[in-house]
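Shown next, in structure tokens, is the structure this report addresses.
The values are calculated or read from the model by the stated rules, or taken from the named source; none is laboratory data. Note that the structure is predicted; figures quoted are calculated from it, not measured. Here the Cβ positions follow ideal geometry from the backbone for every residue, glycine too, while neighbour counts run over all protein chains shown.
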Amino acid sequence: MTDIVAPRPAPGEAIASAWGGEVHDAIEGIQTGYVVVPATGSGVDVSTVVVTFPRAYTAPPTVVAGINAGTKFYMVMVTATTATTVTLQTTRKDGATPLAATGVNWIAIGKPA
């Protein structure tokens, strides 16, 4: 995401539409969510879920994801990010088959479409 280039208004000054528009786009470009990645339980060592962003981006955004606290044996990977979706995968740190659904929090930052 690019920096805001329009001049920032001085305190008490009216907000110019160019600056306000850039700030709006920056704020609108931040989306967050929570998803439960189901357990495979079938001998597969990675569980996968595809998240569709509530609002599309103009290009693939930066996505960061983390496991809910208390799920100490699991980790999450962010893969296959597009302008409209991201694939989240969970796996156990010890390589065993994931037997429990895993809660994942995610945040995406990019330029909104």
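Where residues in the stretch 6-44 are assigned to a loop (DSSP other than H, G, I, E, B) and surrounded by 13 or more Cβ atoms within 10 Å (Cβ to Cβ), which of them is modelled with the lowest pLDDT?
As a first pass, look at the stretch 6-44 and keep what is assigned to a loop (DSSP other than H, G, I, E, B): 6-16, 29, 38-44.
Cutting the leftovers down to surrounded by 13 or more Cβ atoms within 10 Å (Cβ to Cβ) gives us 6, 16, 29, 38-40.
Values: ALA6: 81, ALA16: 83, GLY29: 89, PRO38: 86, ALA39: 80, THR40: 73.
Here the answer is THR40.
Residue by residue, here is whether (1) in contact (Cβ under 8 Å) with a residue 60 or more places away in the chain; (2) closer than 16 Å to PRO38 by Cβ; (3) of a type in the set (Gly, Ala, Ser) holds:
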| residue | (1), (2), (3) |
| --- | --- |
| THR85 | no, no, no |
| GLN89 | no, yes, no |
| ARG92 | no, yes, no |
| THR102 | yes, yes, no |
| ILE109 | yes, no, no |
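Would you check if TYR74 is within 28 Å of GLY21 (Cβ to Cβ) and among the aromatic types (Phe, Trp, Tyr)?
Criteria not met by TYR74.
Against the criterion of being at positive phi and either of a type in the set (S, T, N, Q) or surrounded by fewer than 14 Cβ atoms within 10 Å (Cβ to Cβ) (or both), ALA80 qualifies.
Conditions tested, residue by residue: (1) surrounded by fewer than 14 Cβ atoms within 10 Å (Cβ to Cβ); (2) part of a strand (DSSP E or B).
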residue	(1), (2)
VAL49	no, yes
PRO54	yes, no
VAL64	yes, yes
LEU99	yes, no
